[in-house]
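The values are calculated or read from the model by the stated rules, or taken from the named source; none is laboratory data. Note that the structure is a prediction, hence the values are computed from the model and not measured. Backbone-built Cβ (ideal geometry, glycine too); neighbour counts: all protein chains shown.
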């Protein structure tokens, strides 16, 4: 039997520890953020957008990225599909976002953003589709209104489409490193080009965004982080983001108390994170007890005030934050240790 040297044993020990660390992360991550539901529809493998229905409690609209026909799915809180809506005559080139607003008659409408551009400037224009949210959930094929979109400073890659419920105005947040938040023209036209104007920085690597139900806040998320804003350019605080396979979507709960985070992947989970302090919308903060954290203390300053993402005024302790950020940090450290341990062990095997 060949004797194993101490160095190789140390390398093997580090490798084993790293594997154990990484394998242990998912269990911790699940505990950090409640799972609202798991998408059970096997057709949904790249859930890229998420929004709560305006008409149907405990129902959420989602869609695939670019690997599906032009279909939008209504998912119940039990994770099953309640309705599949097909958009007639539409090509799903790179669907990245979905939101809820109103149509020209003031009735609830679903807006789908075909706004992705992975080649960063290949598409001279992108598109937004609008269709009336159905009052009855059943499979159907509908005729959608198409809006052609350009940006005032050239093509963008974007994955976030937001609707301000107070004004029924659409916003797009680009995904590039320099970021940018773009606002629609005064009126959307179904016949001409709609030029969205850059109004503020939007953060880097934005994969989705959403307005609070009362419009007093909006959130922009990336793969590993999220930030709540009181208005364009007015940052409030960061939000703990659950560890996910590929964090893509974010939505506000109908009552405004939670953010819902979705991910791509077959059988993906939607997880909820309770909002505290300044991040809570006005409709929650102004309700009886709405400005209090679970400990009963005041959760933060006045609405519209600006706090740092690292400030304790959002009602969370350092320990609370470590529960969510900890697994992600440990996963990164574990992978680094795993990589170097593997290389060290492999190098000794070759020598």
Condition set within 12 Å of the chain's Cα centre (by Cα) and within 15 Å of residue 75 (Cβ to Cβ), scope the stretch 244-262, selection surrounded by the fewest Cβ atoms within 10 Å (Cβ to Cβ): answer is 260
Within the stretch 195-221, residues being surrounded by 21 or more Cβ atoms within 10 Å (Cβ to Cβ) and either under 29 Å from residue 125 (Cβ atoms) or free of Cβ contacts under 8 Å to residues at least 12 places away in the same chain (or both) number 13
Log entry, pairs with first residue in the stretch 243-266 being in contact (Cβ under 8 Å) with a residue 24 or more places away in the chain and at positive phi, second being crowded, with 19+ Cβ neighbours inside 10 Å and part of a loop (DSSP other than H, G, I, E, B), beta carbons closer than 6 Å, six or more apart or on different chains, reads 256/212; 256/213; 256/281
Out of (1) assigned to a strand (DSSP E or B); (2) closer than 19 Å to residue 203 by Cβ, the one residue 271 does not meet is (2)
Checklist line | Some residue of the stretch 80-100 being in contact (Cβ under 8 Å) with a residue 60 or more places away in the chain, surrounded by fewer than 21 Cβ atoms within 10 Å (Cβ to Cβ) and under 30 Å from residue 176 (Cβ atoms) | finding: no
Of the residues in the stretch 244-256, those that are in contact with a strand residue (DSSP E or B) (Cβ under 8 Å, 6 or more places away or on another chain), closer than 21 Å to residue 100 by Cβ and in a loop (DSSP other than H, G, I, E, B) number 2
Quick one: would you say residue 176 is crowded, with 18+ Cβ neighbours inside 10 Å, assigned by TED's automatic domain parsing to the domain that holds residue 120 and under 26 Å from residue 265 (Cα atoms)?
no
Checked 84, 80 against criteria (over 20 Å from the mean Cα position of the chain (by Cα), at pLDDT 95 or above and within 16 Å of residue 268 (Cα to Cα)); the one match is 80
| field | Verdict on residue 241 being part of a loop (DSSP other than H, G, I, E, B) and buried (at least 23 other Cβ atoms within 10 Å of the Cβ) | value | yes
Across (1) surrounded by 21 or more Cβ atoms within 10 Å (Cβ to Cβ); (2) modelled with pLDDT of 95 or more, residue 59 clears everything bar (1)
Sole miss for residue 147 among (1) farther than 14 Å from residue 99 by Cβ; (2) crowded, with 19+ Cβ neighbours inside 10 Å; (3) over 22 Å from the mean Cα position of the chain (by Cα) is condition (1)
